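Novice: The structure's right below; bear with me while I get my questions together.
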Amino acid sequence: MLINELKKIIVDQQEEIIQQFKKNTFIERDFDIDKIKKYLSAPNIVVISGVRRSGKSTLAILSLQKQKYAHINFDDNRLSQFTTDDFEKLLQAFYELYGEDLEYFIFDEIQNIDGWELFITRLRRSKKIIITGSNANLLSGQLATHLTGRYINITLYPFSFQEFLRYQGVELSKKNIYSTTRIAEINKQFEKYIKLGGFPEVYKISGDIIEGIYQNILYKDILVRYNIRHRDVFGKMTAYLISNFSERFSYRKLTGIFKIKDEHTTKDYVSYLQESFLISILEKCSFKLKVQELSSKKVYPVDTGLINEVAFQLMDNIGRLMEVIVYLELQRRKSYDKNKVEIFYWQNYQDQEVDFVIKKGAKIRQLIQVSHNLDNEMTKKREIRSLLKGSKELRCDELVIITRNDENEIVVDNKKIKVVPIWKWLLANSV
């Protein structure tokens, strides 16, 4: 590519960013931006990965607002012919536009360019770099090999409930969460959040944009990238997994349902969905790796608004949707706070199940059950019985049931079970 062509693209993209910042109010994300600045000073490469349209580029730009930086987004059709040979021209274009004293660089969706790793590895020796990508394998291959740990990876998710409230202008404090009117307002906002989900553009534009996000992920991040031939089968399997959110599945069953010839192909399809962050897979908790590998998995889409778009059954499954929100919040806290925890589900031979097992090191720290409410006595007994069974087998005494509105403490067999409303659990770090 010609240097002048690259300059035009750089300037056009920068002007678009300036216009977006003028038109929109950008809220503070749960992730501490100062951490990114600290990581860059090490020096390290900061990698911000996550599902398409979750706000990765905005977070990167906000992190460098007070710095002179160069930025380019490779998710641009004008860069479709860009190759590794063009990186030197790109650098020259940056220096001619901004000066040779440039220290900070942002490369969006850089995984679109084959062989980018060697360029970034060389550049990082003297520059501070943020790269973003919509693929979980961004750090695979040569980058991970050459950097040998000299990078920090952040997985960014769509808005948390706390971020959503911030965007809606709902102020929180320790005092006002005991206010009846404020609790009513928070509950009203939660109803909206569980329906629309957390993609920022949904609130800036409309809920209709979710369909476009979904199709872009399928087409750009999966079908084209992995050259999938049986696109119809893949699309149907994707819709099936999203529609069966928070349910158990097996690769063998999926292979049979969609008449896929080889179970390895099914596993590949699921891994592509994971790598694009469209879904996450939760493993069964077992101290035997073989049992864990052979057991059924649970599937969680990246956003409840996406479920509503694909599954068309949103409010009929409020308890399961709450489970998705809790799962995403657990993953969000793990990524943003750099908690070295593992998350599983637990199930015994009697089909009793605990939704989430939080493990740190060799110890099980917490068991979490999610239930819409405990009004039904049979439901209440089932949830408590499963927690107690899990507590005994996994040797964990920190037991929690997250519900829509219930709040109390249950004592059974000398075990304390904390019952907490989901909105309060989601806001636990903010008030």
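The values are calculated or read from the model by the stated rules, or taken from the named source; none is laboratory data. This one's a predicted model, so the numbers in the text were calculated from it and none came from an experiment. Methodologically, a virtual Cβ is constructed for each residue, glycine included, from the backbone with ideal geometry; neighbour enumeration extends over all protein chains shown.
Novice: Quick check on the stretch 158-215: of everything there that is within 19 Å of ARG332 (Cβ to Cβ) and small (Gly, Ala, Ser), which residue is surrounded by the fewest Cβ atoms within 10 Å (Cβ to Cβ)?
Specialist: Looking at residues that are within 19 Å of ARG332 (Cβ to Cβ) and small (Gly, Ala, Ser), I get SER160.
Novice: For the structure I just gave you, tell me whether GLU329 is assigned to a helix (DSSP H, G or I), crowded, with 18+ Cβ neighbours inside 10 Å and either polar (S, T, N, Q) or touching a strand residue (DSSP E or B) at 6+ places or on another chain (Cβ under 7 Å) (or both).
Specialist: On the way: assigned to a helix (DSSP H, G or I): yes; crowded, with 18+ Cβ neighbours inside 10 Å: yes; either polar (S, T, N, Q) or touching a strand residue (DSSP E or B) at 6+ places or on another chain (Cβ under 7 Å) (or both): no.
No.
Novice: A follow-up question, please. Take the residues in the stretch 100-121 that are among the charged types (D, E, K, R) and modelled with pLDDT of 90 or more, then tell me which one is surrounded by the fewest Cβ atoms within 10 Å (Cβ to Cβ). Steps first, please.
Specialist: Residues of the stretch 100-121 that are among the charged types (D, E, K, R), as a first pass: 100-101, 103, 108-109, 114, 117.
Restricting the remaining residues to those that are modelled with pLDDT of 90 or more gives 100-101, 103, 108-109.
Details: GLU100: 9, ASP101: 7, GLU103: 15, ASP108: 22, GLU109: 23.
Ranking the qualifying residues of the stretch 100-121, first place goes to ASP101.
Novice: Specify the residue that is farthest from SER295 (Cα to Cα); the eligible residues are those in the stretch 249-261 that are modelled with pLDDT of 95 or more and of a type in the set (D, E, K, R). Walk me through it before giving the result.
Specialist: As a first pass, look at the stretch 249-261 and keep what is modelled with pLDDT of 95 or more: 249-260.
This time we only want the ones that are of a type in the set (D, E, K, R), so: 252-253, 259.
Numbers: ARG252: 11, LYS253: 12, LYS259: 21 Å.
Among residues in the stretch 249-261 that are modelled with pLDDT of 95 or more and of a type in the set (D, E, K, R), the one farthest from SER295 (Cα to Cα) is LYS259.
Novice: Only one of these is of a type outside the set (S, T, N, Q) and more than 18 Å from the chain's Cα centre (by Cα): LEU218, LEU254. Name it.
Specialist: Numbers: LEU218 fails: more than 18 Å from the chain's Cα centre (by Cα).
Just a single option satisfies the conditions, and that option is LEU254.
Novice: Looking only at the stretch 273-280, decide whether some residue is farther than 22 Å from TYR226 by Cα and either outside any loop (DSSP other than H, G, I, E, B) or in the same structural domain as SER134 (by TED's automatic domain parsing) (or both).
Specialist: No; the residues of the stretch 273-280 include none that is farther than 22 Å from TYR226 by Cα and either outside any loop (DSSP other than H, G, I, E, B) or in the same structural domain as SER134 (by TED's automatic domain parsing) (or both).
Novice: Pick from the stretch 258-267 the residues that are touching a residue at least 12 places away in the same chain (Cβ under 8 Å) and either within 25 Å of the chain's Cα centre (by Cα) or not assigned by TED's automatic domain parsing to the domain that holds LEU328 (or both): which of them is surrounded by the most Cβ atoms within 10 Å (Cβ to Cβ)?
Specialist: If we take residues in the stretch 258-267 being touching a residue at least 12 places away in the same chain (Cβ under 8 Å) and either within 25 Å of the chain's Cα centre (by Cα) or not assigned by TED's automatic domain parsing to the domain that holds LEU328 (or both), then THR266 is surrounded by the most Cβ atoms within 10 Å (Cβ to Cβ).
Novice: Filter the stretch 91-115 for residues that are under 15 Å from VAL46 (Cα atoms) and aromatic (Phe, Trp, Tyr) and give the result. Full working, then the answer.
Specialist: Residues of the stretch 91-115 under 15 Å from VAL46 (Cα atoms): 103-111.
Those that are under 15 Å from VAL46 (Cα atoms) and aromatic (Phe, Trp, Tyr): TYR104, PHE105, PHE107.
Novice: Within the stretch 206-263, which helices (runs of 4 or more DSSP H) (wholly inside it) include 2 or more residues that are more than 30 Å from TRP346 (Cα to Cα)?
Specialist: Details: elements: 209-216, 231-243, 251-257.
Helices (runs of 4 or more DSSP H) meeting the threshold: 209-216, 231-243.
Novice: Okay, next question. Within the stretch 342-364, can one find any residue that is of a type in the set (S, T, N, Q), surrounded by fewer than 15 Cβ atoms within 10 Å (Cβ to Cβ) and under 30 Å from ILE154 (Cα atoms)? Write out each step before concluding.
Specialist: We begin by selecting, within the stretch 342-364, every residue of a type in the set (S, T, N, Q); these are 347-348, 350, 352.
Next, from what is left, pick out any that are surrounded by fewer than 15 Cβ atoms within 10 Å (Cβ to Cβ): 348, 350.
Among the residues that remain, those that are also under 30 Å from ILE154 (Cα atoms) are: none.
Within the stretch 342-364, not a single residue is of a type in the set (S, T, N, Q), surrounded by fewer than 15 Cβ atoms within 10 Å (Cβ to Cβ) and under 30 Å from ILE154 (Cα atoms).
Novice: A further question follows. Go through the residues of the stretch 183-190 one by one and say whether even a single one is closer than 14 Å to VAL310 by Cβ, outside the structural domain of ASN24 (by TED's automatic domain parsing), part of a helix (DSSP H, G or I) and not hydroxyl-bearing (Ser, Thr, Tyr). Steps first, answer last, please.
Specialist: Initial filter on the stretch 183-190 (closer than 14 Å to VAL310 by Cβ): none.
No - not one qualifying residue is present in the stretch 183-190.
Novice: Could you pull out the residue among LYS288, LYS253, LYS284 that is over 30 Å from ASN112 (Cα atoms) and buried (at least 19 other Cβ atoms within 10 Å of the Cβ)?
Specialist: Details: LYS288 fails: buried (at least 19 other Cβ atoms within 10 Å of the Cβ); LYS253 fails: buried (at least 19 other Cβ atoms within 10 Å of the Cβ).
Going through LYS288, LYS253, LYS284 in turn, just one is over 30 Å from ASN112 (Cα atoms) and buried (at least 19 other Cβ atoms within 10 Å of the Cβ): LYS284.
Novice: I would also like to ask the following. Would you point out the residue of the stretch 406-428, among those that are in a loop (DSSP other than H, G, I, E, B) and surrounded by 13 or more Cβ atoms within 10 Å (Cβ to Cβ), that is nearest to the chain's Cα centre (by Cα)? Outline the logic, then answer.
Specialist: Taking the stretch 406-428 and keeping what is in a loop (DSSP other than H, G, I, E, B), we get 406-407, 413-414, 427-428.
If we keep only those that are surrounded by 13 or more Cβ atoms within 10 Å (Cβ to Cβ) too, we end up with 406, 427.
Numbers: ASP406: 28, LEU427: 18 Å.
Residue satisfying both the conditions and the ranking: LEU427.
Novice: Check ASP34, ASP76, ASP12 and return the single one that is closer than 28 Å to ASN137 by Cβ and assigned by TED's automatic domain parsing to the domain that holds ARG150. Before you say what the answer is, go through the steps one by one.
Specialist: Values: ASP34 fails: closer than 28 Å to ASN137 by Cβ; ASP12 fails: closer than 28 Å to ASN137 by Cβ.
Exactly one of ASP34, ASP76, ASP12 is closer than 28 Å to ASN137 by Cβ and assigned by TED's automatic domain parsing to the domain that holds ARG150, namely ASP76.
Novice: Related question: Can you pull out the residues in the stretch 216-232 that are surrounded by fewer than 16 Cβ atoms within 10 Å (Cβ to Cβ) and either in contact with a Leu (Cβ under 9 Å, 6 or more places away or on another chain) or β-branched (Val, Ile, Thr) (or both)?
Specialist: Result: VAL224, ARG231.
Novice: If you don't mind, another one. Which of the residues belonging to the stretch 365-402 are touching a residue at least 40 places away in the same chain (Cβ under 8 Å) and either under 18 Å from TYR327 (Cβ atoms) or in contact with a Ser or Thr (Cβ under 7 Å, 6 or more places away or on another chain) (or both)? Explain how you work it out, then say what you get.
Specialist: The first filter runs over the stretch 365-402 and keeps only residues touching a residue at least 40 places away in the same chain (Cβ under 8 Å), leaving 368, 370-372, 374, 389-390, 393-394, 402.
Matches in the stretch 365-402: ILE368, VAL370, SER371, HIS372, LEU374, GLY390, ILE402.
Novice: A further question follows. Determine which single condition ALA42 fails, assuming it passes every other condition in (1) among the hydrophobic types (A, V, I, L, M, F, W, C); (2) at pLDDT 85 or above; (3) loosely packed, with under 13 Cβ neighbours inside 10 Å.
Specialist: (2)
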